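Chemist: Structure provided below as structure tokens; questions to follow.
The values are calculated or read from the model by the stated rules, or taken from the named source; none is laboratory data. Please read all numbers here as calculations on a predicted model, not as lab measurements. Methodologically, a virtual Cβ is constructed for each residue, glycine included, from the backbone with ideal geometry; neighbour enumeration extends over all protein chains shown.
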Ligand code: F6P
């Protein structure tokens, strides 16, 4: 396949952790493709489904009534086997045997790495669309699902704030994000949290205790500390125990967990998902074969796929200073 090959059929998959808004992208890709006379195959369960040749042809009504639904109708998976070259060869062969001219991958940085390898080694035309609640892919300010996850977490924190304030309590509220602090930073800023602990930050218990005591001296009854889950989901329990044992500060812990991954996408995720899906097909029709559809300079753009090869929470990290300044 080369850049001048006319695109007659494409396949689409969702990979890694699902995120709200993936369905909006699928819907947009399918309807734009069909409107332009291009066949679309929906691959079930990400790269795992591709390796199992598990896909069906989609039509306009396959994607009816999904724009408001969280998760992904195609289902997703984490597929370590795709890191092996012989499996990427198999995937390329399956696509070729079916006459599929390009693959659209919606997922996070791991899914992008697989897509880049498939493109570079096997020459399969690939378009990547960033979809993960973690907002942590290089080359884009935004990943589909982040806004919805943040909104879900904000609603939870606001509720906890009510009870914390009513009983003068300190709460550690742990949000998702693995090695990314994006959700923690945005939620911290938007809920007026007293502190945000980043995923890559060494926890300084003395500093946390000092900040809580400073707040109490200023008449603060309660404190909310947002914790990025980091490498160890549930690490807030350890922090709370140490604070009690070494500094005699009692606190409560709430780990929000997978509630942040589900739910109906916000208007932001629906809108960007729709625009990105459409641009993915347009990009292919223009003859591009190794692109990602990203948000940059607050605009949806088609850029080289290789720009998105790294895990990076750069977009929200830029606001770390504001989170610190406001959380006194
Ligand atoms: O999809 C991203 C993410 O939700 C991270 O925030 C989290 O650390 C991880 O996935 C959890 O993965 P799993 O659902 O496979 O446990």
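Chemist: For the stretch 261-272, what are the residues that are away from the ligand (no atom under 16 Å from the Cβ) and either under 19 Å from residue 169 (Cβ atoms) or assigned to a helix (DSSP H, G or I) (or both)? Steps first, answer last, please.
Modeler: As a first pass, look at the stretch 261-272 and keep what is away from the ligand (no atom under 16 Å from the Cβ): 264, 266-268, 270-272.
Scanning the stretch 261-272 gives 267, 268, 270, 271, 272.
Chemist: Could I ask something else about it? For residue 75, indicate whether it is within 21 Å of residue 261 (Cβ to Cβ), away from the ligand (no atom under 16 Å from the Cβ) and touching a helix residue (DSSP H, G or I) at 6+ places or on another chain (Cβ under 9 Å).
Modeler: No, not satisfied.
Chemist: Tell me the residue from 104, 94 that is away from the ligand (no atom under 16 Å from the Cβ) and touching a strand residue (DSSP E or B) at 6+ places or on another chain (Cβ under 7 Å), please.
Modeler: Values: 94 fails: touching a strand residue (DSSP E or B) at 6+ places or on another chain (Cβ under 7 Å).
None of the other options fit; the residue is 104.
Chemist: Sticking with this structure for a sec: (1) more than 16 Å from the ligand (Cβ to nearest atom); (2) in contact with a strand residue (DSSP E or B) (Cβ under 9 Å, 6 or more places away or on another chain); (3) in contact (Cβ under 8 Å) with a residue 24 or more places away in the chain: which one isn't true of residue 221, the others all being true?
Modeler: Answer for residue 221: the failing condition is (2).
Chemist: Another question, then. Looking at the stretch 39-53, which of the residues that are touching a strand residue (DSSP E or B) at 6+ places or on another chain (Cβ under 7 Å) and over 11 Å from residue 14 (Cα atoms) is surrounded by the fewest Cβ atoms within 10 Å (Cβ to Cβ)?
Modeler: Looking at the filtered set, the residue picked out is 39.
Chemist: Give the stretch 41-50 a look and list any residue that's out of contact with any helix residue (DSSP H, G or I) (no Cβ under 6 Å at 6 or more places or on another chain) and away from the ligand (no atom under 15 Å from the Cβ), or say none.
Modeler: Across the stretch 41-50, the qualifying residues are 41, 42, 44, 49.
Chemist: Could you count how many residues in the stretch 110-121 are within 16 Å of the ligand (Cβ to nearest atom) and either surrounded by fewer than 22 Cβ atoms within 10 Å (Cβ to Cβ) or over 28 Å from residue 140 (Cα atoms) (or both)?
Modeler: Of the residues in that region, 2 qualify.
Chemist: Please find, within the stretch 232-253, the residue that is surrounded by the most Cβ atoms within 10 Å (Cβ to Cβ) out of those that are within 16 Å of the ligand (Cβ to nearest atom) and in contact (Cβ under 8 Å) with a residue 12 or more places away in the chain. Steps first, please.
Modeler: Taking the stretch 232-253 and keeping what is within 16 Å of the ligand (Cβ to nearest atom), we get 232-236.
Now restrict to residues that are in contact (Cβ under 8 Å) with a residue 12 or more places away in the chain: 233-236.
Details: 233: 13, 234: 12, 235: 20, 236: 27.
Selected residue: 236.
Chemist: Could you check how many residues of the stretch 163-187 are in contact (Cβ under 8 Å) with a residue 24 or more places away in the chain, more than 13 Å from residue 149 (Cα to Cα) and away from the ligand (no atom under 13 Å from the Cβ)?
Modeler: 9
Chemist: (1) in a helix (DSSP H, G or I); (2) away from the ligand (no atom under 16 Å from the Cβ); (3) exposed (fewer than 14 other Cβ atoms within 10 Å of the Cβ): which one isn't true of residue 258, the others all being true?
Modeler: Of everything listed in (1) in a helix (DSSP H, G or I); (2) away from the ligand (no atom under 16 Å from the Cβ); (3) exposed (fewer than 14 other Cβ atoms within 10 Å of the Cβ), residue 258 misses just condition (2).
Chemist: Output yes when any residue across the stretch 17-40 is within 24 Å of residue 265 (Cα to Cα), at pLDDT 95 or above, touching a helix residue (DSSP H, G or I) at 6+ places or on another chain (Cβ under 8 Å) and part of a strand (DSSP E or B), and no when none is.
Modeler: yes
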